[in-house]
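Here the structure is laid out as structure tokens; the discussion comes afterwards.
The numbers here are math on the coordinates, done by the rules we state, and not lab data. Since we're looking at a predicted model, the values are computed, not measured. Glycine gets a Cβ as well: all are built from the backbone with ideal geometry, and neighbour counts include every protein chain shown.
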Amino acid sequence: MAEQHDERSGYDAVAAQEKWVRYWRENRTFAVSDDESLEKRYLLDMFAYPSGDLHMGHAEAWAIGDVVGRYWKMQGYNVLHPIGWDSFGLPAENAAIRNNAHPAEWTYRNIDTQAASFERYGVGFDWDHRLHTSDEEYYRWTQWLFLRFFEKGLAYRKDSWVNWCPQDMTVLANEQVKEGRCERCSSLVTKRQLNQWYFRITDYAQQLLDDMDQLEGGWPERVLAMQRNWIGRSSGAHVDFQVEGRSEPVTVFTTRPDTLFGATFMVVAPDAALADEIVTDEQRPAFEEYLEQVKKQTEIERQSTEHVKTGVFLGVHATNPVNGEKVPVWAADYVLADYGTGAIMAVPAHDQRDLDFARAFDLPVRMVIDTGEGDPAETDVATAGDGTYVNSGVLDGLTTKAEAIERINAQLEADELGKAAITYRLRDWLISRQRFWGCPIPIIHCEACGEVPVPDDQLPVRLPDDMRGEQLAPKGVSPLAANDGWKNVACPTCGGPAVRDTDTMDTFVDSSWYFYRYISPHYTEGPFDVEAVKQWMPVAQYVGGVEHATMHLLYSRFFNKVLRDMGMVDFDEPMLKLMNQGQVINQGKAMSKSLGNGVDLGQQIDEFGVDAVRTTVIFAGPPDEDIDWADVSPGSTLKFLQRAWRLSAEVSSEVDVDVTTGDRGLRQATHRTIAEITELVESQRFNVVVARVMELVNATRRVIDTGAGPADPAVREATQFVAQALSLVAPYVAEEMWEQLGLPPSVAQSRWPAAEPELLVADQVTMVVQVQGKVRAKLEVSPDITEDEATALALADAGVQRSLDGREVAKVICRLPKMVSIVPAK
Ligand code: ANZ
Ligand code: ZN
């Protein structure tokens, strides 16, 4: 604490923080303006989750975002920079179970703590736009949106094998399974067959891909690549195989219809309904035993390439549609039930997984493309490249995949045996959760009427407040299912006895639309004010972690497209620019309790002050790179801020002094810095901004101490800009400086200066050129001319050429920028 109070300068960081927090709050300094003439800009930070107090990660993300918001404001934009909390979710519920409480208590207590910390951290929020997703006034509209999705067939229920976390006792979306483990608690994820709610995001797979063109250049390339991979577009063909004892053909998805003549068996996913349907009585016991074994596996085991191939013959044969051959049909776990059609044609010669399987079960291998690498039947290595087609009927003799695929697809289509097809890896979004602290699904189940939407005027379906502690413990079904008083209702359609859906929505639903609501958080006519959203969106800059590259950002993009198709928004993409901040680590590693390398934000702020912490975060490196707290020095940053502050304490010229009479060198330095910092902020090189301010502080100090002194008008001009530039990263010191300079508060509301072009041109000096000691030319040059430039200029001069009279030059001596001396050869 003592360090923050600089005895010599009198700067007191703690007092400054208290003073300016109050000032900004009372004056609503960062509130949106109702001046319609101002151009609007929407700055959005990724949603805060109320787990305890703010930590170093928040410190970084919000320091970065605030540079942008404050800069825009000084540039004269009407800036919307809201804050809110993604306040449903498991941690609150787990805390409530432990403490025999209601999740709301923990949630709103943490929100209050974080809000106070954000305010102290000096982030320029418009607090009037604050929202919480667990507020009734918010989740009412989450339910309303669910119902619109339901009406459009975009929300539906189905039975399927889902990811199940045995620890959290809830289902997980595919996206929440990381390397086979629950993203939250790291338990191995297993499979369960459940009836669950889904959002039909796959309807938008192609648009989600296509519209990425609009994000090119605005979003980090790696995020776009991750989305592309996640959507996983695959182009190939659907091919129909007749299977014994079944009237309908079985369709397979293949990316290589050109290898159809090499298909020597067929494989279906053991957990797909088809396997159960076609297995013969004789093979059923073996099949059921195998299925049990498969269900026990985790995703990670099943998808591993090292996984030993296992499977079971289903007792039936299929007919290869192009050559009439009978091929056996197997069930094997390497074929996934929910990709493609859940059934494949196996081409062991050209697909390694199929080859491994053929080897394990002694199935035939037939090469149909001769790539010159040897027959896979002998080498045990499947070949995937181009080559000459053999044993392939109409394809024989062709030499490229592209040609062969085109020809076979044409033939399949003509014979009505198949056709070209696209498949996506993206699955529909599983949104139901068997947990309490989430947005209730507004559906009522009636024996007579089926799934009945809760009428809009009965929203919200409120969470009961009479449940706490143990009553919330996960049981495999939602805790709400045990609450008869809540669950049992009259059917809105027929009035008969009915029950509420007892699942709650994945919290990613809440966070897929909060950015529209921010614009009018208390709007009562709909989820958001459509007209206001048109004015403010798309978001001009989104700031947040790369961990949201697929889920949150994909879901939000999906929501936007649905809302657009509903006519509620008029743009394709909700956020045109995205910036990912790096992480704050310590001693080369992510901070963790077990490593004991955690850095406490509150303690850092107590020791060095908000400004020093924020400036340190920004100065440490480019925004998207990790910061190792072991490599930075908030203590020396604090000293720098105090040095800056002392300038303002010493400036002794009046506010309205004519700056044009000031020290020209310092004025040039100031205006060069203005030009550079403007460019640096625009290109998001915030760390260099701090370096440039440091240089300007030093240049100003030199003029005060060893030049014209503190009364020089250029010193005032320089110090004013130091305060403005510092306000982007160190807002408290900046306000103090601004006030010391006699300027009206707040520096945050001051206008960003424009560099004067005249002061950006470098001065010229006269450079004398001598030949053999005699002056032959006088040239006007830049004071920082290099030896090469000076020599070239000197030698090009006509007078110099004349005096050299064709002689070779033996030596050039430069005393720059004043003189160049040329010695000719004898
Ligand atoms: C025959 C074939 C021959 C295949 C060949 C590949 C190479 P991507 O590219 O990822 O879309 N496949 C299809 N559905 C599957 C499922 N549900 N589970 C596991 N594998 C499945 O992969 C498509 C290829 O993966 C398809 O093309 C199919 O095998 C297999 F030389 O068909 B292929
Ligand atoms: Zn009914």
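Annotations for the structure displayed:
- Loop-resident sites, region 14-100, for trypsin sites (Lys or Arg not before Pro), counting at most 13 other Cβ within 10 Å (DSSP): Arg28
- Computed over the chain: relative contact order in percent, which uses C-alpha pairs under 8 Å that are six or more apart: 14
- Sequence of Cys185, Cys814, Cys439 once ranked by neighbouring C-beta atoms within 10 Å, starting from the fewest: Cys185, Cys814, Cys439
- Overall, the anisotropy analysis places region 454-611 in the oblate class: the square-rooted eigenvalues a ≥ b ≥ c of its C-alpha gyration tensor yield a/c not less than 1.5, with a/b not exceeding b/c.
- Of the trypsin sites (Lys or Arg not before Pro) found in region 382-470, those in coil by DSSP whose Cβ has at most 12 other Cβ atoms within 10 Å are Arg462.
- Among Ile585, Ile822, Ile813, Ile369, a tally of other beta-carbon atoms within 10 Å of each Cβ gives an order, fewest to most, of Ile813, Ile585, Ile822, Ile369.
- The chain: angle of helix 787-796 to the longest principal axis, Cα-based, in degrees nearest 10: 70
- Evaluated with a Cβ-only charge set (Lys, Arg +1; Asp, Glu -1), region 718-776 carries a dipole of roughly 480 debye about its Cα centre, given to the nearest 20.
- For the pair Asp465 and Ala754, the difference between a 0.36 nm per residue extended length and the Cα-Cα distance amounts to 98.3 nm.
- Shape call, region 347-435: gyration tensor on alpha carbons, a/c limit 1.5: oblate
- Ranked for footprinting exposure by Cβ neighbours inside 10 Å, fewest first, Leu80, Leu54 give Leu54, Leu80.
- When region 241-344 is described by a simple charge dipole with +1 on each Lys and Arg Cβ and -1 on each Asp and Glu Cβ, the residue from Ile278, Val250, Gly262 located farthest towards its positive end is Gly262.
- Here region 407-463 is assigned +1 on the Cβ of each Lys and Arg and -1 on the Cβ of each Asp and Glu. Its dipole about the Cα centre then comes out at about 480 debye.
- Centre separation in Å (Cα based) which lies between region 515-563 and region 391-436: 36
- The stretch between Ala490 and Glu447 holds 14.3 nm of extra length on full extension. This uses 0.36 nm per residue minus the Cα-Cα distance.
- Placing +1 on the Cβ of every Lys and Arg and -1 on the Cβ of every Asp and Glu, with no other charges, gives the chain a dipole of roughly 1760 debye about its Cα centre.
- For region 786-814 and region 665-706, distance of Cα centres in Å: 37
- Ranking Tyr542, Pro348, Val329 by how far each Cα lies toward the positive end of the dipole of the chain (charges on Cβ) leaves Tyr542 at the top.
- Among Pro50, Leu759, Ser187 - extreme Cα towards positive end, dipole of the chain, charges at beta-carbon: Leu759
- Overall, the anisotropy analysis places region 367-409 in the prolate class: the square-rooted eigenvalues a ≥ b ≥ c of its C-alpha gyration tensor yield a/c not less than 1.5, with a/b exceeding b/c.
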